[in-house]
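S.K.: Quick one: the structure is below, and I'll ask about it shortly.
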Amino acid sequence: TANTFAQPTADSLAVKREQDSLKKSEFFKTLGNGYLPIGFFNLDLRYLVKFNQYEGFRTGLGGITNDKFSEKYRINTYLVYGFKDKRYKYSIGGGFRINEVRNTWINLAYTDDLQETGSSGFLTDKRFFSFFEPRLLNINLFHRHITKSVGVEHQISKQLLSEVQLSTNRVNPTYNYFYRLDDVFYNTFDLSLAKMSLQWSPFSQFDLIDKRIKETTIGYPKFTFQVTQSFRSVLDGDFNFTKFDFRTVQEFKHRSGITSITLVSGLALGDTPLTHLYHSYPNNINKETILQRFSVAGINSFETMYFNEFFSDRFATLQFKHFLKPFKISDRFKPQLVLITRHAIGTMRNIDRHVNVNFDTLEKLYNESGFEINKLLFGFGLSFAYRYGSYHLPRIEDNFAFKFTFNISL
């Protein structure tokens, strides 16, 4: 009798293997970006568990719908709980796409959460994910914010990405802080903000993949610029201020390895409360001995600079990292030495407006240098840094930072 079942051909098997390989590759790419695909929903791994000094352990669930749900609409949300402050935080938002090729989205969101005082991020930053965020472990200065926002993200050209956002923000510092302006002391305040962010990658290569512009080869240098305007008396805004933020990243490849240079600067003009000014990425705990300060090194942070030690309304940081080629001791054991030097400068006008907080300024150049030995065991390594120059401390041991590093990628 004839066989009624068609036998797979070599070509069909090859096609199936290629499809399976592409699916597997896409799954691990999604996982590497911090998402676990579950049907039409990508679970966001950032919200599963975190720790900081104010909330203690923070745990919850969140995520965003994927193309299985819709290619034109998306919903993103999260709900977390802090066991130390005993409070829920949440966000709910969504977006709809109005241009496929330029990847133009209109987004809306409502967020009730905490943010680190003095932190400043760029709207256009690509999503960055790590299994845990080292600096977060030791941060204790947060402000609560209730933010309602509407924004537009748009690919102006292959090399130029833009995002614009309008928002109202109710800000409530979790610490005893007042901002004094015209003899009025503000403990909580409202901000009406407009932000515009641009990311320019003139030396990267882009291709049209699945009807969307995607970066296929990363080129350097890269430039990111952002301007923020706060409006007083618009939608009950309390303060007028303007902020300019800039970052450029450059990489050079040598026979001996890779050198990375990162320049970050910020300028705040007008009536700016401490919550929206700048720290300089400190990552050193305010404790007595080196062993008590032993924690996990950050990625671009100053390991010898103490939390809440410096704030600025204008600042610049310059960081050099040289990654030597990994030492191949065995197929599985390939530690890597990274040489690091970091520098910061800044200033602060109208310090007397910031009531009940004490901090220094960075008019003199802040310097630290050191090294990391990464990937010694299960992604863990060691970091050593030394603080020198104008801000060298009287006790020698207070200038040292000795920490873990953690590097792992999927």
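S.K.: Just for the range 357-382: of the residues that are open to solvent by 50 Å² or more (accessible area, probe 1.4 Å) and among the aromatic types (Phe, Trp, Tyr), which one is modelled with the lowest pLDDT? I'd like the intermediate steps shown before the answer.
M.R.: Just the residues of the range 357-382 that are open to solvent by 50 Å² or more (accessible area, probe 1.4 Å), to begin with: 358, 360, 363-365, 371, 373, 375-378, 380, 382.
Those still in the list that are among the aromatic types (Phe, Trp, Tyr) too: 371, 378, 380.
Numbers: PHE371: 95, PHE378: 79, PHE380: 86.
Going through the qualifying residues, I end up with PHE378.
S.K.: From (1) of a type in the set (A, V, I, L, M, F, W, C); (2) closer than 19 Å to ARG46 by Cβ; (3) modelled with pLDDT under 95; (4) open to solvent by less than 40 Å² (accessible area, probe 1.4 Å), pick out the condition that doesn't hold for PHE128.
M.R.: The single condition PHE128 does not satisfy is (4).
S.K.: Is it true that GLY118 is under 30 Å from PHE404 (Cβ atoms), at pLDDT below 95, among the small types (Gly, Ala, Ser) and open to solvent by less than 30 Å² (accessible area, probe 1.4 Å)?
M.R.: Yes, satisfied.
S.K.: Please go through the range 178-226 and pick out each residue that is surrounded by fewer than 17 Cβ atoms within 10 Å (Cβ to Cβ), among the small types (Gly, Ala, Ser) and modelled with pLDDT of 95 or more.
M.R.: Matches in the range 178-226: ALA194 only.
S.K.: Got a number for residues in the range 383-399 being loosely packed, with under 12 Cβ neighbours inside 10 Å and among the basic types (Lys, Arg)?
M.R.: 1
S.K.: Look through the range 78-95, keep the residues that are open to solvent by 80 Å² or more (accessible area, probe 1.4 Å) and of a type in the set (A, V, I, L, M, F, W, C), and return whichever of them is farthest from the chain's Cα centre (by Cα).
M.R.: Within the range 78-95, the match that is farthest from the chain's Cα centre (by Cα) is PHE83.
S.K.: Is it the case that the range 233-246 has a residue that's closer than 18 Å to ASP125 by Cβ, buried (at least 17 other Cβ atoms within 10 Å of the Cβ) and either of a type outside the set (Asp, Glu) or modelled with pLDDT under 95 (or both)?
M.R.: Yes: the range 233-246 contains one or more residues that are closer than 18 Å to ASP125 by Cβ, buried (at least 17 other Cβ atoms within 10 Å of the Cβ) and either of a type outside the set (Asp, Glu) or modelled with pLDDT under 95 (or both).
S.K.: If I go through the range 268-286 residue by residue, how many of them are over 29 Å from GLU397 (Cα atoms) and either among the charged types (D, E, K, R) or surrounded by 17 or more Cβ atoms within 10 Å (Cβ to Cβ) (or both)?
M.R.: Looking only at that region, the number is 8.
S.K.: Can you go through ILE299, ILE261 and tell me which one is β-branched (Val, Ile, Thr), open to solvent by 50 Å² or more (accessible area, probe 1.4 Å) and closer than 17 Å to GLU372 by Cβ?
M.R.: ILE299
The values are calculated or read from the model by the stated rules, or taken from the named source; none is laboratory data. From a predicted model like this one, the values you see are computed outputs, not experimental measurements. Heads up, the Cβs are rebuilt from the backbone with ideal geometry, glycines too, and the neighbour counts pull from every protein chain shown. Remember, those area values only see protein heavy atoms, side chains included, never the ligands or the DNA or RNA. Shrake-Rupley method; radii C 1.70, N 1.55, O 1.52, S 1.80 Å.
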